[in-house]
Amino acid sequence: MVQPPITIEDLDRIYVVIPNDQGTGTINITVRQMSDRQFRWWIKAKADHHGVPMLVPMGRIGYETRVRMLNRLVRAGVRIYMVPLGTPPPEEM
């Protein structure tokens, strides 16, 4: 099954557990909520894990750039999991 391209709206449906920028521990946030540093760390680790060569830009990484980078992974066959439409955020479940 081929995954359809990811859109900017989908950034709110992709949850990731990542290290907290403010100290120890982890947090569960969406790709849209990630800081540039968090996204940079996660996308590079995801690409490396799946053997997909990817150059990650320094500085600000806008939503359009995040979508392009995610779709690069999708085109390489990496599955990106999203919560179904209409699912409440984890803190409301």
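The values are calculated or read from the model by the stated rules, or taken from the named source; none is laboratory data. As the structure is a prediction and not an experimental result, all values here were calculated from the model. Using ideal geometry, Cβ is built from the backbone for each residue, glycine included, and neighbour counts are taken over all protein chains shown. Protein only, heavy atoms only, side chains kept; ligands, DNA and RNA dropped before computing areas. Shrake-Rupley method; radii C 1.70, N 1.55, O 1.52, S 1.80 Å.
When Cα extents along the principal axes in Å is computed from the coordinates, the matching label among (1) 33, 31, 22; (2) 36, 25, 24; (3) 47, 23, 18 is (1). For the stretch 44-84, the set of trypsin sites (Lys or Arg not before Pro) satisfying both a DSSP loop assignment and a count of at most 13 other C-beta atoms within 10 Å is given as R60, R79. Tally up the carbon and sulfur contribution to the accessible surface of the chain as a whole percent, 1.4 Å probe, everything protein left in place. Using a 1.4 Å probe with all protein chains present, the chain comes out at 57 percent carbon and sulfur.
Accessible surface for the stretch 8-76, divided over its residues, is 59 Å² per residue with a 1.4 Å probe.
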